[in-house]
Amino acid sequence: MIRHASTFLALASLPLWAFASTVEYSIPCNPPQNAAPLDSAPIGLSFEFYMWPSYMTNITPPMQCAERLSDLYGRVMPIRIGGTTQDRATYDPDFDGYVSYVNEDPLVAPMELTYGPKFWDLIPEYGGEVILGFNRGDNNRSNTFAAVVEAKKRALSNLAAIELGNEPDVYNMWNKSIVVPPWNASQEGASAADWAQEFLNIWEQPLPILAAGSYAATIPSMPDWPNIPYLIETAFNDSVKAGVKMYSGHLYAAPPNETDLKGEMNHVKTVADLSVFKKSIALSHGEGRPFILGETNFHPYDVHMDETFGAALATLDRSMRAVTIGIQRLFFHQGTINQALFNWWSDNQINAPFYGGYMAVQALAGGTSIVELDQGDSSFAVYVVYSGRRASKVLLINTEYYTEGVRPRTDFILSGLSTSRVTAVRLTAESSEVVTTKEQTKGSPRPTLGGQWFSNTDCSSKGAQKLETSRVTGGKATFSLKASEALLVYL
């Protein structure tokens, strides 16, 4: 049960920050019937194809951050290697390097690239599960399948899934060789099915292995647009479906106003963005297959809001909301280093969105199921994570935007608690617009998590950890969150 109320303080002499709203949520001590099961590693990372060797060989702090996330899971974090450049990549079995391309501007992804067998050797070196992308857009089956065969030889034990093509619904935008206009659902679906069947004939075992779909957009108002429901209901026969291990969608928020962080970071927007996958999730589960977000992040093009603390809260909220509606995993994409503003890091800087990703893993790690208590119609999000039959964590998120002046506060009252005291860790910053910088050596004004921040040098935690303790009286405890804050409560 959820009860909303407002508390108004009538004394004019009180400071403005004393005015606060109040919301109350009852915590089910056992997982309710609508609780969603949790994967053992629900948050993963997606690396742009051509950047993968750079991350593994010469960009240090980001991989140290990935190790910190793996430490929270107690296992190596799952990753995906793919993106737009996978459909620009030509495999050369005689090339002795990792990847080769000519690009005058290092901040612009190359239009053509060559890679060799050593590219795959970095996968077992990483040591975790990998979804691996291959080129379908250039329509060179012999080259792509030669690469697949070599990858299987070198990295099979780490290959969780194979992806044939990245965002094939927008191949026409890139003038890919495979496209015959208008490139609608029936055309793309037939191509995807034909490629999948030939791949399966070559791959043979182990099966299932394919990550199918990987579409850039879900557009319910355009039913003829390439989409996962069409693959499942029409394009794929039983043979291809048997080879599909998971269905994959991509999610970026396409903003109506590229400067409207207030609207874009709000919980209501996050709920609406994820709602477009309802049918795809249901159909995937109906086939006995999981649905994942093989690539996701805040926005599909570089806008300032993507590097802010507001983006960190949106990352956190998207992660939690997604798993509650049946999405097994989210792979947060890391594009061209030092260019893509949604990246969790630069070559020598930990960016604000990483704080949201870290807290999401912190909240979900060790959990077996999750339920959302809010109705998705306000700025407040409340998620309960269960370990077995016991509620172990509650995550509270206040997605109200804040920049300057009076900072609103909301009191979250949690009832149904069975302990006498609880501890909590707070994610906060001085405003929604805060970004990190390479020069910073202190916490302020960058985000802090439990009073600490991440070092730009090695991603270690800096500063004194601050754990908050709250007394539980009559099964209730109250937690105050200012606008643009999140609080992870350990029960």
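The values are calculated or read from the model by the stated rules, or taken from the named source; none is laboratory data. Since the structure is predicted, the reported quantities are computational estimates derived from the model, not experimental observations. Cβ atoms come from the backbone with ideal geometry, glycine included; neighbour counts cover every protein chain shown. Just the protein is used for accessible areas: all its heavy atoms, side chains included, with ligands, DNA and RNA removed. Shrake-Rupley method; radii C 1.70, N 1.55, O 1.52, S 1.80 Å.
Of the strands (runs of 3 or more DSSP E) contained entirely in the range 357-410, those carrying at least 3 residues that are hydrophobic (A, V, I, L, M, F, W, C) and in contact with a Lys or Arg (Cβ under 8 Å, 6 or more places away or on another chain) fall at 380-387. For the range 155-166, the count of residues that are under 20 Å from Thr84 (Cα atoms), touching a residue at least 60 places away in the same chain (Cβ under 8 Å), of a type outside the set (Gly, Ala, Ser) and not in a strand (DSSP E or B) is at least one. Of all residues in the range 381-395, those satisfying the criterion of being under 15 Å from Thr270 (Cβ atoms), hydrophobic (A, V, I, L, M, F, W, C) and buried (at least 23 other Cβ atoms within 10 Å of the Cβ) are Ala381, Leu395.
When Ala360 is tested against (1) in contact with a helix residue (DSSP H, G or I) (Cβ under 6 Å, 6 or more places away or on another chain); (2) over 28 Å from Lys462 (Cβ atoms); (3) open to solvent by less than 30 Å² (accessible area, probe 1.4 Å), exactly one condition is not met: (2).
On the stretch given as the range 282-293, residues that are open to solvent by less than 10 Å² (accessible area, probe 1.4 Å) and part of a helix (DSSP H, G or I) total 1.
The residues of the range 433-461 that are surrounded by fewer than 16 Cβ atoms within 10 Å (Cβ to Cβ) and touching a helix residue (DSSP H, G or I) at 6+ places or on another chain (Cβ under 6 Å) amount to a single one, Asp458.
Residue pairs whose Cβ atoms lie under 7 Å apart, separated by 6 or more positions or on different chains, with the first residue in the range 467-487 and under 23 Å from Thr315 (Cα atoms) and the second among the acidic types (Asp, Glu), are Ser480/Asp411; Ala483/Glu400; Ser484/Glu400. So, Gly416, is that one under 21 Å from Ala477 (Cα atoms), out of contact with any Leu (no Cβ under 9 Å at 6 or more places or on another chain) and either in the same structural domain as Tyr73 (by the TED database) or open to solvent by 30 Å² or more (accessible area, probe 1.4 Å) (or both) or not? Taking the combined requirement at face value, the residue satisfies it. Selection over the range 78-102 of residues that are surrounded by fewer than 22 Cβ atoms within 10 Å (Cβ to Cβ), in contact with an Asp or Glu (Cβ under 9 Å, 6 or more places away or on another chain) and of a type in the set (A, V, I, L, M) gives a count of 1. Screening Lys262 with (1) within 25 Å of Tyr383 (Cα to Cα); (2) of a type outside the set (Val, Ile, Thr); (3) out of contact with any His (no Cβ under 8 Å at 6 or more places or on another chain); (4) assigned to a loop (DSSP other than H, G, I, E, B) gives one miss only, at (4). Looking across the range 240-275, just one residue is hydrophobic (A, V, I, L, M, F, W, C), open to solvent by 30 Å² or more (accessible area, probe 1.4 Å) and touching a residue at least 60 places away in the same chain (Cβ under 8 Å), and that is Val268.
The residues of the range 407-419 that are at pLDDT 95 or above and not charged (D, E, K, R), listed by number, are Pro408, Thr410, Phe412, Ile413, Leu414, Ser415, Gly416, Leu417.
Between Ala477, Ala464, the distinction of being in a strand (DSSP E or B) and either in contact with a helix residue (DSSP H, G or I) (Cβ under 6 Å, 6 or more places away or on another chain) or not assigned by the TED database to the domain that holds Asp306 (or both) belongs to Ala477 only.
Checking the range 349-358 against the condition returns a match, with at least one residue being more than 17 Å from the chain's Cα centre (by Cα) and closer than 15 Å to Gln64 by Cβ. Within the range 277-304, being at pLDDT 95 or above, over 15 Å from the mean Cα position of the chain (by Cα) and not charged (D, E, K, R) holds for Ser280, Ile281, Ala282, Leu283, Ser284, His285, Gly286, Gly288, Pro290.
Against the criterion of being in contact (Cβ under 8 Å) with a residue 40 or more places away in the chain, out of contact with any Ser or Thr (no Cβ under 9 Å at 6 or more places or on another chain), more than 19 Å from Thr399 (Cα to Cα) and surrounded by 24 or more Cβ atoms within 10 Å (Cβ to Cβ), Ile327 qualifies. Annotation: of all residues in the range 96-108 being out of contact with any strand residue (DSSP E or B) (no Cβ under 6 Å at 6 or more places or on another chain) and modelled with pLDDT of 95 or more, the one that is nearest to Ala41 (Cα to Cα) is Tyr98.
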